[in-house]
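For reference, the structure discussed in these notes is given below.
Derivation of every value follows stated rules applied to the coordinates shown; laboratory data play no part. Only a predicted model underlies this, so the values are computations on that prediction, with no experimental measurement involved. Quick reminder, even Gly has a Cβ in these numbers, built from the backbone with ideal geometry, and neighbours come from all protein chains shown.
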Amino acid sequence: MADSDGRQVDSINHSTEEDVKLQEVVQAKCEGKELTKEEKQRLRKEKKQHKKNKKDDRGPPEKEKEKEKASVLAPSKPATQSPAHKAAPVPVNASASESPVAAEKPAKSKAEQRAERRARQDTERASKQGKKEGGQQSASSKPKATPNELQPVKRLPEHIQVDDPAALKKLAKKLERQQVPLRSDYGYKVSLFSHLHQYSRKNPPTQQISIPATVIHPSIVRLGLQYSQGIIAGSNARSVALLHAFKQVIQDYSTPPNEELSRDLVNKLSPYISFLSQCRPLSASMGNAIKHIKKEISNIPSQCKEEEAKRRLQECIDSYINEKIILASEAISKYAIEKISDGDVILVYGCSSLVNHILCEAFEKQRKFRVIVVDSRPRLEGREALRRLVKKGIRCTYVLISALSYILPEVSKVFLGAHALLANGYVMSRVGTSQIALVAKAYNVPVLVCCETYKFCERVQTDSFVSNELDDPDDLIVTRNGKTHLENWQTVKSLGLLNLVYDVTPPDFVDLVITDLGMIPCTSVPVVLRVKNVDQ
Amino acid sequence: MEDCNLVEYFRAQIREDPDVASAVAAIRSLLEFLKRDQSETILGLRENMTKAIHRLEETDSSVAVSSGGELFLRFISLTSLEHPDLSQCKNVMIERGELFLKKISLSRGKVGKLCHTFIKDGAKILTHSSSRVVLKVLENAAADNKRFTVYVTESQPDSAGKRMAQKLGKLNIPVTVVLDAVVGYIMEKVDLVIVGAEGVVESGGVINKIGTYQMAVCSKAHNKPFYVVAESFKFVRLYPLNQQDVPDRFKYKADILKTVKDLNQEHPMIDYTPPSLITLLFTDLGVLTPSAVSDELIKLYL
């Protein structure tokens, strides 16, 4: 269970309030439902107060007692139980970091505590079912829901809170529990980006795992290494590799006795995901894929046999890859080819698998156009795109991004790929994309972004600082004419090397987004998200 | 129903009621076609309808006829056609067709009601060419006892602006006809610009008589509001990126497309105004910003 931290404090508090709780439960049973409602309201008020106090100062643990009370007296539906458990570790951690409570009473064992709590909740549930059900349940479940909704509504992902020591501690504890190695940051970070991780490619986290790895499946270890060394790069490639690795994991998985596949497998996947995000922060497409798989796994009916379940999950992963990536790119090519006319000069940036596919298809359909490939250091991904296009026989020109304003007057259209499309219409893509869109707008050249719908994410971002990825700063070191200038950059105290990976482009610079659902303006991304959520 | 009969019926509709939108006339003709159709299967029926729509597009190459026809077809087929008997299905489709027709006949009135409140007392309005929807809006505003003056561009090559001026004169609205080239000169005098539309595209931009884009650019430069009034059946699933990207079948009149070989010598009849230049669109679905048009289109077409 998630409460392994702050065990001591938890149990100590428990024993003091135990009697109080028992009393209250007895009271609740005897008197009418009005009392429990009142009580719920009182608890709700106390919780609100607690949240306010928590903001001012990490206050006394009476609040914690009340939290426990709230979690006990609520109807013990499993749905509400998990938010309670989620809420519990947060205050428990908070109080664990300060001085512990009145530690007078002897600590009971955790299992005993939990068993007692469960017994109490069962009796309470039985008594409640004796009374009127409908109004009771909803009334009591609502106060349970709202206090938990009053919890920090959106918790910031830890990978953008690197300068917050509390968040780091939390992460360290979580990784320790999952037995995943913690990767340490490397080199001096530019102050504007000090809230992001910066790792060195020379120290992959795979070096810190013992062999044989017991917790992490070998295909996941291999995948993590491929991510951190940049062997697999590009949004689609990473997602597909992830899904194939998960297929392998599911193949080798066997349900332990007394466990259900639907619940246990999801728990097994969590340390893998933590490990992968230590190797390289997850992309939006990978996040969506993982969400989809987790949903599928938890939807497996419990009476399904293991072999059948595994087969079903493999099929589901295959169909996801097929529908969302392969067929989507076919659909997008079809729409995009309508926009390519004879005599066009098309500008592309970096290496997007989707844009390359579109251009190759258009060339096969006998459209006459030529391509200008724009590239930038340190990744120089444009060379790969150039290689693929030239192999097809398409006429190409290659420039670096500094020559952009020189070459733009010749261009008739710009095709860009995307890493993710955010809910406010901003396009998150490789660094340099927003520069291209800006200059293209200044020259009145239409900018078309091609993106599959599985890359749409609910996040909102208006600048490239808040959430980004810092690559290895040593990549910026270059050797020319036998001289390596930045070799000892670490010794110069005031020098920082910044190697950003992504940037966001505002929707005013994008004229058209081509998705597998059709051609939409950039401002209609939330509409698509809404329609998708309705479908699901 | 023969092709020529269809075209004749369509032309007759326009002759009898000159005030009707061409798309409405087209839909009436399509409904008549549906009633007289003799096909045996639903698929055959749909095919015939599609052919009829193409035939009408060839007669009158406006965007509205094309969009109206497609929406009509979608609307009547968007119902359960699981009846075993074909005539029953046909009746269901005819019923829905009548419903659609009734709805869109009222749309011009709805737009007029929405828009006239944006015209303040003493306003000077600039409009382009001849639009029946704009006429309705100004009619409503005048009926509301508002005082305003109107400037209409001549709109060559067919001098449609002069026709508009005559109609406005009949309503006792002070109107001045100006040259197309006067738009930049007069923009500082006017308070707002209202134009109609032949088609509203997915990006939120509009396709309208040539000269509209110019007017939009000038009004943006002077920070004057640029309003477009259009009924919802003019929403079309096109996404032009620039002027070149608009299909030729809309730019030129139908007979010219058939007879002339080198289109470079011909004068295009319409142009495309991008959404960044439009302040608001008034439709029977409500007052929309250009970015909301895509939302409405997704709802209409999905």
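Under a Cβ-Cβ cut-off of 12 Å, what is the net charge of the residues other than B:I42 that fall near it, where Lys and Arg count +1 and Asp and Glu count -1? Computed value for this residue: -3. For B:V178, the residues whose modelled amide H falls within less than 5 Å of its own, excluding neighbours fewer than 5 places apart on the same chain, are B:V152, B:T153, B:E154. Simple spin-label estimate for A:Y443 and A:N203 gives 4.4 nm between the two label positions (7 Å along the Cα-to-Cβ direction from each Cα).
Here's the picture: a label point sits 7 Å out from the Cα of A:D252 along the beta-carbon direction, and within segment A:179-222 the residues with their amide nitrogen under 19 Å of it are A:179-181, A:205-222. Applying 1/(1 + (r/R0)^6) with R0 = 41 Å to the Cβ-Cβ distance of B:L78 and A:H244 gives a FRET efficiency near 0.50. For segment B:250-291, the list of chymotrypsin sites (Phe, Trp or Tyr not before Pro) that fall in a loop by DSSP and count at most 11 other C-beta atoms within 10 angstrom is empty. For the peptides A:219-231, A:269-281, A:112-124, residues were scored by their other Cβ atoms within 10 Å and the scores averaged per peptide; the highest-first order is A:269-281, A:219-231, A:112-124. Gain on full extension, evaluated as 0.36 nm per residue between B:N5 and B:A181 minus their Cα-Cα distance, stands at 59.1 nm.
Sequence-ordered 3J(HN,Hα) estimates for segment A:458-475 from the Karplus curve with 6.51, -1.76 and 1.60 and θ = phi - 60° stand at 7, 6, 10, 8, 10, 9, 8, 8, 4, 9, 7, 9, 9, 8, 4, x, 5, 5 Hz, glycine and proline given as x.
Here the 3J(HN,Hα) profile of segment A:504-511, calculated from phi with Karplus coefficients 6.51, -1.76 and 1.60 at θ = phi - 60°, is 10, 10, x, x, 5, 8, 9, 8 Hz, Gly and Pro shown as x. Computed from backbone phi, the HN-Hα couplings of segment B:166-171 come to 4, 5, 5, x, 5, 8 Hz, rounded to whole numbers (Karplus: 6.51 cos²θ - 1.76 cosθ + 1.60, θ = phi - 60°; Gly and Pro given as x). Residues whose amide H comes within less than 5 Å of that of B:R237, counting only those at least five positions distant or on another chain, are absent (H built at 1.01 Å from N in the peptide plane). Counted by Cβ distance under 9 Å from A:S228, the other residues give a net charge of +3, where Lys and Arg count +1 and Asp and Glu count -1. Tell me, what is the FRET efficiency for B:K51 and B:H222 to the nearest 0.05, using R0 = 41 angstrom and their Cβ-Cβ distance as r? Result of the calculation: an efficiency of 0.30.
Can you work out the PRE-style zone for B:V260? Point 7 Å along Cα to Cβ, and I want the residues of segment B:47-67 with backbone N under 16 Å. Flagged as within label range: B:61-62.
Inter-chain Cβ neighbour count for A:514-523, averaged per residue, equals 5 (cutoff 10 Å, partner chain atoms only).
What is segment B:111-301 by shape, rounded, prolate or oblate, if you read a ≥ b ≥ c off the alpha carbon gyration tensor as root eigenvalues and call it rounded for a/c under 1.5, prolate for a/b larger than b/c, and oblate otherwise? Oblate.
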